[in-house]
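In what follows, a structure is listed as structure tokens, so that the remarks can point back to it.
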Amino acid sequence: MERKDAPILGIESSCDETAAAVLAPDGRILAERVLSQIADHAVFGGVVPEIAARAHLAVLDALVKDALREAGLGFADLDAIAATAGPGLIGGLLVGTGYAKGAALAAGKPYLAVNHLEAHALTARLPGLSPVQPDFPYLLLLLSGGHSQCVAVEGVGRYRLLGTTLDDAVGEAFDKTAKLLGLPYPGGPALEAMAREGNAAAVPLPRPLLHRAGCDFSFSGLKTAVALLVAAEPPGALPRARVADIAASFQASVTDILGDRLEHALALCPDASAIVVAGGVAANGAIRARLAEVAARRGKPLIAPPLRLCTDNAVMVAWAGLERLRAGMAADTLAAPCKPRWPLES
Ligand code: KG4
Ligand code: ZN
């Protein structure tokens, strides 16, 4: 198989974003495209896997060709083709990896089956992203709709899971709580906006696992506490001021939990060169501010990639592929399966 120092194509389709990106061999972004399916799923209040898979299939080919056109390249000019092979929704994974394998076979290029979590984990090392490219090991806080994890990133392909959620992911807790409060999907941004109007001390809410050893998370008790509160309210729509107070109190609880868990994670990875946050929840201003406070107190730089690279995208997939090639790791065969479950440390 032909290998050369040439650009790499990345494809992401594991959830509700279809994305393609082309990176130069040094990691420079030559083209990036993301299409969100939020509008397709909003009326159902969450991602519907079958709709997601069909939507990926409908747009992926045009999206990839558009990205290649902007980069001024064809498949024949690439070094390799990388696609997210898990974890995620099987339908979307099959669409993305099927496309990538077909293109790799036709163009005679290596295929790379990328772990989506690894892609999030390595994004912070993308050249030019922050003044300091973090050295291994660094601490990753992955806070998304599907994942809540503290990971010691010790090298390409070397990840130590320090803690994870025992139930809901943090973004999922935002989404479910927002739904309880009658806010639109996705709930995180809507809930943050309401929280700005509210009083965070108005409603006492639990802070599950606070100060507990290790750095696992648990959010379902917090969500249940909000559900019980809402159920005890007089019938009819909640007054806006009440929604705002509950939103602010919920966000304050999550912020306290994440700050505390970060402290504990640092104790488990004391030689971390930096703290990296990724995932859609990293967009939350209050949470970012608290993590920055903890980082400053511990004398560690906090690296939060720009939001478009924090949420699901294909730049991170292409970059993870490049990191693997540069680390001398072998490409995958076309028989490599999709893995809806694929723990980072495996
Ligand atoms: O990383 P992401 O785009 O997708 C995956 O889950 O992989 O994260 C989406 C999650 C959703 O749960 C969304 O509600 C949450 O991130 N989110 C936020 C905010 N913006 C997005 N949560 C809290 N505050 C926000 N501003
Ligand atoms: Zn993700």
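The values are calculated or read from the model by the stated rules, or taken from the named source; none is laboratory data. Note that the structure is predicted; figures quoted are calculated from it, not measured. Please note: Cβ atoms are built from the backbone with ideal geometry, for glycine as well, and neighbour counts cover all protein chains shown.
Details
- Taken together, Gly45, Gly27 contain a single residue that is on the phi > 0 side of the Ramachandran plot, more than 16 Å from ligand 1 (Cβ to nearest atom) and part of a loop (DSSP other than H, G, I, E, B), which is Gly27.
- Checking segment 66-81 against the condition returns no match, with no residue being out of contact with any Gly (no Cβ under 9 Å at 6 or more places or on another chain), more than 16 Å from ligand 1 (Cβ to nearest atom) and over 29 Å from Pro127 (Cβ atoms).
- Restricting Gly280, Gly328, Gly285 to residues that are away from ligand 2 (no atom under 16 Å from the Cβ), under 25 Å from Ala248 (Cα atoms) and either without any contact (Cβ under 8 Å) to a residue 24 or more places away in the chain or not aromatic (Phe, Trp, Tyr) (or both) narrows the list to Gly285.
- Gly146 fulfils the conditions (1) assigned to a helix (DSSP H, G or I); (2) within 14 Å of ligand 1 (Cβ to nearest atom) except for a single criterion, (1).
- Residue check for Ala274: surrounded by fewer than 22 Cβ atoms within 10 Å (Cβ to Cβ), of a type in the set (Gly, Ala, Ser), modelled with pLDDT of 95 or more and closer than 30 Å to Thr224 by Cα: no
- Residues in segment 1-28 that are under 19 Å from the mean Cα position of the chain (by Cα) and under 22 Å from Ala124 (Cβ atoms): Gly10, Ile11, Glu12, Ser14, Cys15, Glu17, Ala19, Ala20, Ala21.
- In the condition set (1) of a type outside the set (Ser, Thr, Tyr); (2) within 28 Å of Leu209 (Cα to Cα); (3) in a loop (DSSP other than H, G, I, E, B), Glu118 is compliant with all but (3).
- Residue in segment 85-100 that is in contact (Cβ under 8 Å) with a residue 12 or more places away in the chain and within 15 Å of Arg326 (Cα to Cα) present: no
- Residues of segment 142-164 satisfying the condition of being under 10 Å from the mean Cα position of the chain (by Cα) and over 12 Å from Leu122 (Cα atoms): Leu143, Ser144, Gly145, Gly146, His147, Ser148
- Note on segment 63-92: residues that are out of contact with any helix residue (DSSP H, G or I) (no Cβ under 6 Å at 6 or more places or on another chain) and assigned to a helix (DSSP H, G or I) total 11.
Conditions tested, residue by residue: (1) in contact with a Leu (Cβ under 9 Å, 6 or more places away or on another chain); (2) within 20 Å of His116 (Cβ to Cβ); (3) part of a strand (DSSP E or B).
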{"residue": "Asp5", "(1), (2), (3)": "no, no, no"}
{"residue": "Ala21", "(1), (2), (3)": "yes, yes, yes"}
{"residue": "Ala55", "(1), (2), (3)": "yes, yes, no"}
{"residue": "Asp61", "(1), (2), (3)": "no, no, no"}
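- Lone qualifier among Glu172, Glu192 - being over 21 Å from Ile303 (Cα atoms), within 15 Å of the chain's Cα centre (by Cα) and within 8 Å of ligand 1 (Cβ to nearest atom): Glu172
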